[in-house]
Structure formats: structure tokens, C-alpha cells
Amino acid sequence: MLNHSHFSVKKQIYDRIAYLGVVSKADLIKHFSIASSSMTRLLEDMLEQKLILISGHGTSTGGRKPILFQTNPHYRYLLGLEISRISSSLGLFDMHLNQLSVVKWEMDRQLSPERLVEFVLTETKKMLHRHQISHKQILGLGIGAVGPLDTKKGIILHPEYFPSYSWSNVPICAMLEKELNIPTKLDNGANTALLAEHWALRKETCEHMLYVHAGVNIRSSIMSGGQILRGVADTEGAIGQMIIQLGGRKLKDKGNYGSLEAYVSVPSLVERVQSQLKIGRDSTLSGFPPESINFTSLVIALKQNDTLVREVFLETASYLGVGLANLINTVHPEYVIISGAIVNADSVVYDTAIQVARKNIYHYPSCYDPIFTPGVLREEGVLTGAALQILQAWEE
């Protein structure tokens, strides 16, 4: 049996190999400053445990070709669960974060926390049977959910705009642990998405990142020095209360006047188009009762180049660009990842938001120029990052 300190070093070595993909013993010694004989024993132990595998040989620098190591993707397996307002997804992953299976549920008024837990239990059993994986091979279940959350207690607190009203003060971790009998870990979806994108971009050695999700509300996550910035409370939606227009509109009588969310969110966008239709603006949607117009209707109209709908989407994108610039000028990320239903509605929304953001970024005295991207994993980011939580926190 390994003592804690011994395994702690071994876990750090494992994490380094996982992060780099393939690595030689010499590279590990340089990073950890461990004697060659000690590193050899640790690697031999990890090979015997099947934690790692020999993946081949590197390039010779004059002597023998160095042995290259990689983590064993099938040593254990991970589960990831995304819980959002529109849909929820469950995924099964190997230790390289390759997605082996995934299932998705639409969130409707009947999908209570209890029903979702039932679905997760049923689908987990099906996935394990399909891939011939035993229950003891599962390291745990990571959850990326809409906030606000109490991550320490594993509770979803008071999320807005859920179709079912039963998603309030839900001890989701305790509920799932009881049924699945595996460890669970909860974080907000913006954080798990950023964790996953950072993992996907690890060869770029990017340490400072900003993630913004524009959908039913505005969600964000910030990474500095390779670590997610966390405050004393779960505040993934706080960006939405950034004031961008003094004395401006308020969204559904909630939050701040002139807040970003009042101009950049699905409810705001739908409300503004409905208002314009009510005063008689021409649109391909004019023949429908304004109250029946929803976000799906707007996306279709945008694709058809409807003048009114395009105007409101571009206005929304411009406000998003202003909000992005404010955040960028504060935290100076290397990468800015923009995602969400509004951004994904059409490329013109994404392009406009970036254009406005770039014009409002403060460059002096350096040539600071962050990279904007929709992300590598995109819609799979939250789910993949949820599973990644377990891999990073895992201790044998």
C-alpha cells in the first residue's frame, strides 16, 4: 500500500504525463528534480499498476533512443454530466477524455431532479454494459451545472429559467452518490467548459484565458496562471450584472438597470423583437402573434436575413463586444473563448462581437492582442470539463 506522500509524488508525475501526452524519463526528471534511480522506480511502479504505458521511443541524442511514456486510457473511466436550462447530457470518457458514449435529454417541465437522477442511473448502466466496463472501474461523476451553486455541499441553489420549478436547493451530488455509489464533484458549467478548453489547448501552453457564454443568461469563467479564479461565492452569472448603460433597461424587473444581461441574453433578445413587432415593424414574423415568437423563431428569421431580426441580433452582438472589452481590459487573457446560443445563432453575431471588442481593447504600451475563438470543444466543453474535474481531483 502506498503512503500518501509517495502517491502524491506519483500523482504529480501521472498528471504531468497526462498533460503532455507522451514524455521521456529525462523530461520528467528535469521538471521534478528527482534522482534518476528514484524516477525509474516510480515509473516501474506505475507501469506495473498499468497507470501508464510505454508508447514508443523518442529521438536519440547520441545514445539509446529514450523510452516514451503515456497514461493508460483504459486504467479507469470517467462520467460527466451537464445540467443546463435547455438540455442535460451524460457522457462516458476514458482517461484521455475520449468520449465513449453520450446521451442527451431535453429539459422540460416534467424533468425534475429525481427524474434526471433516474435517467442518469439507467443510462450509466447501459453505457457500462455496452463497453463491458465494471462499476469499480469508474473513478467518479463530475457535474457542470447552471448556477448559482454551493459547490462545497454539492447543491444547485436557485437557478432561473428552468422549465421545471423543482430545481431549487437540489442536493444533486448527494442524490447521485446515493444511487451510483461513486464520488461526485460539482462546479458551474462555465468553469468546467474553461477547464476542458484549457486541456484541449494545452500544447499552446496557454495560462490566461477568458470564457464567456451568451445564452439564456451571460456566464463567464476566468483562468489566470493555469488556475480558475474563484471568489467567496459561485458568481458565474455576475458578468451579466456589469452595467454598460447608466439608467438603461432592466431585464424582467431583475438585476441592475443597464446591465449587460438586459441587452445580451435570450430573454432580452426575444423581448426586444416582440416589442418592435407590437409597434408595427415589418418582418417575416409579422404574421404571428408577438407573444408566440421564441428564440428558435428568431434564429430561423436571422438565417432568412430578416431585416428587423438581424438588426436586433447585431445590436446584441455589439453590446456583447463592449462587455467582452471591459473584461479583457481587466484580466488581459491570452485566449478569449465565446460560446452560447446567441453567439452560435449565426457567424455574423460572433464576428460582430469580436470586431467591437477589438476596437475597445486598450493596447498601449504593448501590442496586446488576445486570440478570439469559439473553442476547440465548443458545445462539448461543459460535459468534457465535468469529467475532467474527476481526473484532476482523483487520488487513489
Is it the case that the stretch 45-59 has a residue that's in contact (Cβ under 8 Å) with a residue 12 or more places away in the chain, outside any loop (DSSP other than H, G, I, E, B) and under 28 Å from Thr184 (Cβ atoms)? yes
Which ranges mark the helices (runs of 4 or more DSSP H) fully within the stretch 293-396 that have 1 or more residues being assigned by TED's automatic domain parsing to the domain that holds Gln99, surrounded by 15 or more Cβ atoms within 10 Å (Cβ to Cβ) and in contact with a strand residue (DSSP E or B) (Cβ under 9 Å, 6 or more places away or on another chain)? 381-393
Considering only residues that are touching a Gly at 6+ places or on another chain (Cβ under 8 Å) and either among the hydroxyl-bearing types (Ser, Thr, Tyr) or closer than 30 Å to Phe93 by Cα (or both), which ones fall in the stretch 342-376? Ile342, Thr352, Gly375
Subset of the stretch 277-292 (residues that are part of a helix (DSSP H, G or I) and buried (at least 18 other Cβ atoms within 10 Å of the Cβ)): Leu277
In the stretch 219-245, residue nearest to the chain's Cα centre (by Cα) [restricted to those that are at pLDDT below 70 and surrounded by fewer than 14 Cβ atoms within 10 Å (Cβ to Cβ)]: Ala233
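Residues are listed down the side, and each one gets a yes or a no for (1) in contact (Cβ under 8 Å) with a residue 40 or more places away in the chain; (2) closer than 28 Å to Leu195 by Cβ:
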site: Lys303; (1), (2): yes, no
site: Arg310; (1), (2): no, no
site: Gly323; (1), (2): yes, yes
site: Glu334; (1), (2): yes, yes
site: Ile337; (1), (2): yes, yes
site: Ile342; (1), (2): yes, yes
site: Ala345; (1), (2): yes, yes
site: Ile354; (1), (2): no, yes
site: Ala357; (1), (2): no, yes
Kindly indicate which of Thr205, Thr122, Thr184 is out of contact with any strand residue (DSSP E or B) (no Cβ under 6 Å at 6 or more places or on another chain), hydroxyl-bearing (Ser, Thr, Tyr) and at pLDDT 95 or above. Thr122
Do we have Ile29 as assigned to a strand (DSSP E or B) and either free of Cβ contacts under 8 Å to residues at least 40 places away in the same chain or over 31 Å from the mean Cα position of the chain (by Cα) (or both) here? no
With Ser38, Ser87 as the choices, which residue is out of contact with any helix residue (DSSP H, G or I) (no Cβ under 7 Å at 6 or more places or on another chain), within 23 Å of Ala193 (Cα to Cα) and either in contact (Cβ under 8 Å) with a residue 60 or more places away in the chain or not basic (Lys, Arg) (or both)? Ser87
Which of the residues belonging to the stretch 130-171 are part of a loop (DSSP other than H, G, I, E, B), exposed (fewer than 13 other Cβ atoms within 10 Å of the Cβ) and not small (Gly, Ala, Ser)? Gln132, Lys152, Lys153, His158, Tyr165, Asn169
With the requirement that a residue be more than 13 Å from the chain's Cα centre (by Cα) and either farther than 18 Å from Ile156 by Cβ or not small (Gly, Ala, Ser) (or both), what does the stretch 74-88 give you? His74, Tyr75, Arg76, Tyr77, Leu78, Leu79, Arg85, Ile86
Kindly indicate whether Ser283 is touching a residue at least 40 places away in the same chain (Cβ under 8 Å) and among the small types (Gly, Ala, Ser). no
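The values are calculated or read from the model by the stated rules, or taken from the named source; none is laboratory data. Being a predicted model, the structure only gives us computed values, none of them experimental. Every residue, glycine among them, receives a Cβ derived from its backbone with ideal geometry; neighbour counts consider all protein chains shown.
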